[in-house]
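> The following block contains the structure, expressed as structure tokens.
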Amino acid sequence: MAHKSVIKHRFAAFDSQGGRCYYCGFQMWRDTPEAFARLYGLSLRQARHFQCTAEHLVARQDGGRDTQSNIAAACQRCNQGRHKRKEAPEPQEYKALVEKRLSKGGWHPLPAGTHLF
């Protein structure tokens, strides 16, 4: 379970980012996936990719702290994708990678015609 300060900072980042992922810019959900899935015509499995998570821009293992300036709101897909790599790329480098994949029609597994921007 996340610390209360991380949850508070995640919610603040979600609000300041307009509910959009720091990396892909897609809309995210904060509380439950059901309403989000209905709103966008997604299955619950698809909707779970868009759960808002707290992304430490500088990882805790690298000395990053649980502070508002170090926490961005990122969808689960983007957050996990960054940290599944052998070495997590810098946030701006990863953001550029995500944007490149999105421009080619990749990244999120969405039904045709679904728009979360």
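> Return the residue satisfying two criteria in turn: it lies in segment 91-117 and is polar (S, T, N, Q) and modelled with pLDDT under 90, and of such residues it is nearest to Val58 (Cα to Cα).
The selected residue is Ser103.
> Residue by residue through segment 1-49, note down the ones that are more than 27 Å from Lys100 (Cβ to Cβ) and aliphatic (A, V, I, L, M).
Listed by number, the residues that qualify are Met1, Ala2, Val6, Ile7, Ala12, Ala35, Ala37, Leu39, Leu44.
> Cβ contacts < 9 Å: first residue part of a strand (DSSP E or B) and charged (D, E, K, R), restricted to segment 17-28; second residue at pLDDT below 95 and surrounded by fewer than 17 Cβ atoms within 10 Å (Cβ to Cβ), any location; separation 6+ or different chain. Result?
Listed pairs, sorted by first residue: Arg20/Phe117.
> Based on this model, can you work out whether Leu102 counts as surrounded by fewer than 20 Cβ atoms within 10 Å (Cβ to Cβ), assigned to a helix (DSSP H, G or I) and without any contact (Cβ under 8 Å) to a residue 40 or more places away in the chain?
So Leu102 does not fit the description; no.
> Now for a different question. Can you tell which of Thr32, Thr67 is hydroxyl-bearing (Ser, Thr, Tyr), at negative phi and without any contact (Cβ under 8 Å) to a residue 24 or more places away in the chain?
So the residue among Thr32, Thr67 that is hydroxyl-bearing (Ser, Thr, Tyr), at negative phi and without any contact (Cβ under 8 Å) to a residue 24 or more places away in the chain is Thr32.
> Confirm whether Gln80 is under 25 Å from Asp31 (Cα atoms) and in contact with a Cys (Cβ under 8 Å, 6 or more places away or on another chain).
In short, no.
The values are calculated or read from the model by the stated rules, or taken from the named source; none is laboratory data. These numbers come from a predicted model, not from an experiment. Quick reminder, even Gly has a Cβ in these numbers, built from the backbone with ideal geometry, and neighbours come from all protein chains shown.
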